[in-house]
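For reference, the structure discussed in these notes is given below.
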Amino acid sequence: MFAQLQAKLNRTRQVLQEKIQNLRRGQISGEKALEELAEALILADVGVATTEKIMANLKKRWKENPSLQLEQALKQELLALLGSEPAPLNLDNFPAVVMFVGVNGGGKTTSLAKLANYLKKQGRQVILVAADTFRAAAQEQLQIWSQKLNLPLIRGQYGADPAAVVFDGLRSLKARQADALLVDTAGRIHTNTNLMAELEKIRRVISREISGAPHEVLLVLDASIGQNALSQAREFLKFSGLTGIFLSKLDGTAKGGAALAIAAELHLPIKLVGIGESEEDMLFFSPQEFVNALLS
C-alpha cells in the first residue's frame, strides 16, 4: 500500500515537501518553522480549523521539549487524528449488506464497483442494487459495472420507491443464496432533508429482513474537492447509520490533506480509498501508511 499511496499522493506531498525539507536541513526553527508548517498544511487542504488544532498541540509539545523533532511530532499528531490502527470492514457476515451514501458526483457507484470486485475475488457471491431511482444515469452506470464484473443487478423503474427496490434485492439475495449485497443510493443535493428520511427507510427495510444489517454504511467523499467535502458530509451525519468513509479520487489531487480534516471533524474512520478509475484501484486505509506516504 505504501508505494501506491506514495505515488498517488505525489501532488499533496510536493506541497508539504519543501517545508519539511527546510525543517530537516535546519534552515528554519522555532516559531518560524511552525508558521511555515501551518502554511503547508493549509495548502494541502488540511483546513484552517484542523491545522489550528494540530499546531496548538505541536506548540504545546515544543514548549515542553524545545529539542523536539518537529517532523516526528507532526506524524504523531496526524495519527492522533486518523487513529493509529486501520478500521476493519465488517464483512465477515454471510450475507453481508453494505450501503453506499453520498452526494451525486462523489464517486459512489465507482466505489461500490471496486468493493464488489474485491469481494468477488474473495469468492463471494455479490449482488448489486441500484436504489438511486431518481437519476437514470446512476442506474445505467451501475448496469455497465454489473456487466463488466459479471454480477447480477437489481434495479427498478425510474421514480420507483428506492426502499422497494432494495427489498427486491434482499429477496434476490435470499433466493440465490448469495452472500453480499451492495446498495447504491441516491445522492441528490445534500440540503434535501427528504434524502435522509429515504436513507433511514432503506436501512429499516434491510434491518427488518436481515438481523444486524446493514453491516456497513459507507459515506463516499470526493478527496479532490477538499474542504467542500466537509459541508456535504455534515448533512449526511443526520443519517444515523454511518459506519465509515470511503475516500474516493485520492489520486491526482493536491488536496490529500482533506482526509485529515474529514477525520478530525466527522469522527468517522476512513476505511477505504479510491486511487483511480479501474475496479482494481482500491486500498484498505492504513493511517500509518497514509501519514508515512504523505510526509516521506
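Read-outs throughout are calculated quantities, based only on the coordinates presented, and are distinct from any laboratory measurement. Here the structure is a predicted model, which means the values were calculated and not measured. Counting neighbours? That spans all protein chains shown, and the Cβs are built from the backbone with ideal geometry, glycine included.
Label-point separation (nm) for Q157 and S84, each offset 7 Å from Cα along Cα-to-Cβ?
5.7 nm
Taking the alpha-carbon distance from K75 and a cut-off under 13 Å, which aspartates and glutamates remain once sequence neighbours fewer than 8 residues away in the same chain are dropped?
List returned: E289.
Taking 0.36 nm per intervening residue step and subtracting the Cα-Cα distance, what contour gain separates Q14 from K32 on full extension?
Taking Q14 through K32 to full extension adds about 4.5 nm, to one decimal.
How far, in nm, would the chain grow between Q147 and F94 when pulled straight, counting 0.36 nm per residue and subtracting the alpha carbon separation?
16.7 nm
If you take Cα Rg over 2.2 N^0.38 Å from the coordinates, which of (1) 1.08; (2) 0.98; (3) 1.26 do you get?
Computed from the coordinates, Cα Rg over 2.2 N^0.38 Å corresponds to (1).
Arrange D184, D179 by Cβ neighbour counts within 10 Å, fewest through most, would you?
D179, D184
Using label points projected 7 Å from each Cα along Cα→Cβ, tell me how many nm separate E71 and E52, to one decimal.
That separation, rounded to one decimal, is 2.9 nm.
What net charge is computed for the residues neighbouring E31, neighbours being all others with C-beta under 12 Å from the C-beta of E31, Lys and Arg scored +1, Asp and Glu -1?
+1
Given points 7 Å out from each Cα along the Cα-Cβ axis, report the E280 to Q122 separation in nanometres with one decimal.
Here the answer is 2.0 nm between the modelled labels.
Going highest first, how would you order 208-218, 152-162 by mean Cβ packing within 10 Å?
208-218, 152-162
Given R₀ = 25 Å, FRET efficiency for A197-A175 by Cβ-Cβ distance, to 0.05?
0.30
How large is the dipole of the chain about the Cα centre if only Lys and Arg carry +1 and Asp and Glu carry -1, each at its Cβ, rounded to the nearest 20 debye?
Dipole about the Cα centre, nearest 20: 220 debye.
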